[in-house]
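Working notes, structure below.
The values are calculated or read from the model by the stated rules, or taken from the named source; none is laboratory data. Just so we're clear, the structure is a prediction, and the values are computed from it rather than from any experiment. Glycine gets a Cβ as well: all are built from the backbone with ideal geometry, and neighbour counts include every protein chain shown.
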Ligand SMILES: NC(=O)c1ccc[n+]([C@@H]2O[C@H](COP(=O)([O-])OP(=O)(O)OC[C@H]3O[C@@H](n4cnc5c(N)ncnc54)[C@H](O)[C@@H]3O)[C@@H](O)[C@H]2O)c1
């Protein structure tokens, strides 16, 4: 096969990264062009390198074998349908779509047209995750936290589709079986969508996950803790560092009875807790570029006709779990009265407390007063 002819559709934050990597890091790829209707985004691409740039991605369809879709989420479905119906392989940024119905349609159309679809759940290519999974045995309980400050990006969706979807996909890939139950609450700070969310997911294999996501946080973090049959791993996804704890077989097999521990045994265990007993290790993880690994995996799947690491089907499963989390958020009752007490917090009955106008005045470039909540 000749070099795979690729386009990037959407040249914002993520599209620029995809463009740079496809242009400079992948030998078996020819970057044919970039599409973005925004003149500002087009200028930014042209400043990066001499690449043909068009406003309408449909102009590139006759010239390409594959395309990365990095538009805002609400356009993923329409753009992907156009490409897949023309037999074009796609790497669709996460989340696959913002609705289950759209996601399922993409899975079907991709199958029908024999297109390789990779979904941009890039954490799957984080080497710290793969290393952690080798240490813990079968994952059973997972806690994940993904928080950032408010960036005004991806505001077409809430934090569940924006950030939590990464951890939803990770836990869905780690637990064998399907999600059987979800409970969730969310809080909307800026309106329209939830900006903070907490979910508990249970899977048919017995696995349980507690996931927290916020895009309005003063302490940004991306961490995941995995409790498995052989041990525990704590991963900092932001810098790909990993701490693992191995549970010794004499504890796993219940050969030691804590109720019968002598004072000497208790003292030794206290002193040696994370050295000789629960052996704690900082594990060095090779530094890699996860987006590049994701692109390489996708191109390899296109060349071999194989399934990429994050298939459209898995992307659709993540969207289905996200939808169930959102259902929970939107129907949670914050009060036992009959007042409008469901959904993210701003739907709470007004308390009568009005903020000082000072807050509005502090925003110097705002030309109109901030809209008041209904
Ligand atoms: N994998 C990750 O870690 C990760 C991180 C951030 C964002 N994302 C995802 O990437 C996607 C893009 O996010 P972003 O932060 O780059 O957004 P962005 O707003 O920075 O960029 C989106 C770009 O798409 C362009 N666009 C809109 N409609 C288009 C169309 N019809 N054709 C071509 N271009 C179009 C916009 O003009 C804009 O330049 C989102 O789906 C988001 O969820 C993934």
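Before moving on, here are some points about what is shown:
- Top-ranked residue of the range 1-22 - restricted to ones that are surrounded by fewer than 23 Cβ atoms within 10 Å (Cβ to Cβ) and part of a loop (DSSP other than H, G, I, E, B), ranked as nearest to the ligand (Cβ to nearest atom): 12
- If you go through the range 289-306 and pick out every residue that is surrounded by fewer than 18 Cβ atoms within 10 Å (Cβ to Cβ) and more than 20 Å from the chain's Cα centre (by Cα), you end up with 5.
- Of the criteria (1) more than 30 Å from residue 154 (Cβ to Cβ); (2) surrounded by 15 or more Cβ atoms within 10 Å (Cβ to Cβ), which one residue 206 fails: (2)
- Selection of the range 149-165 for residues being near the ligand (Cβ under 10 Å from one of its atoms), in contact (Cβ under 8 Å) with a residue 24 or more places away in the chain and more than 12 Å from the chain's Cα centre (by Cα) yields 151, 153, 154, 155, 156, 157.
- For residue 134: the one exception among (1) assigned to a loop (DSSP other than H, G, I, E, B); (2) surrounded by fewer than 19 Cβ atoms within 10 Å (Cβ to Cβ); (3) modelled with pLDDT under 95: (1)
- Hey, residue 315 more than 22 Å from the chain's Cα centre (by Cα) and crowded, with 18+ Cβ neighbours inside 10 Å or not: no
- Qualifying residue in the range 138-145 (condition: outside any helix (DSSP H, G or I), surrounded by 19 or more Cβ atoms within 10 Å (Cβ to Cβ), without any contact (Cβ under 8 Å) to a residue 60 or more places away in the chain and away from the ligand (no atom under 11 Å from the Cβ)): no
- Output for the range 277-288, where each listed residue is touching a helix residue (DSSP H, G or I) at 6+ places or on another chain (Cβ under 7 Å) and either assigned to a helix (DSSP H, G or I) or surrounded by fewer than 16 Cβ atoms within 10 Å (Cβ to Cβ) (or both): 277, 280, 283, 286, 288
- Among the residues of the range 260-289, those identified as out of contact with any strand residue (DSSP E or B) (no Cβ under 9 Å at 6 or more places or on another chain) and touching a residue at least 24 places away in the same chain (Cβ under 8 Å) are 277, 286, 287, 288, 289.
- Residue in the range 120-128 that is under 19 Å from residue 201 (Cβ atoms) and part of a loop (DSSP other than H, G, I, E, B) present: yes
- Residue that is farthest from the ligand (Cβ to nearest atom), among those in the range 166-176 that are under 16 Å from residue 200 (Cβ atoms) and surrounded by 24 or more Cβ atoms within 10 Å (Cβ to Cβ): 171
- Residue in the range 222-241 that is more than 15 Å from residue 130 (Cα to Cα) and in a strand (DSSP E or B) present: yes
- Hey, residue 234 surrounded by 15 or more Cβ atoms within 10 Å (Cβ to Cβ) and under 15 Å from the mean Cα position of the chain (by Cα) or not: no
- Output for the range 242-259, where each listed residue is in contact (Cβ under 8 Å) with a residue 40 or more places away in the chain and in a helix (DSSP H, G or I): none
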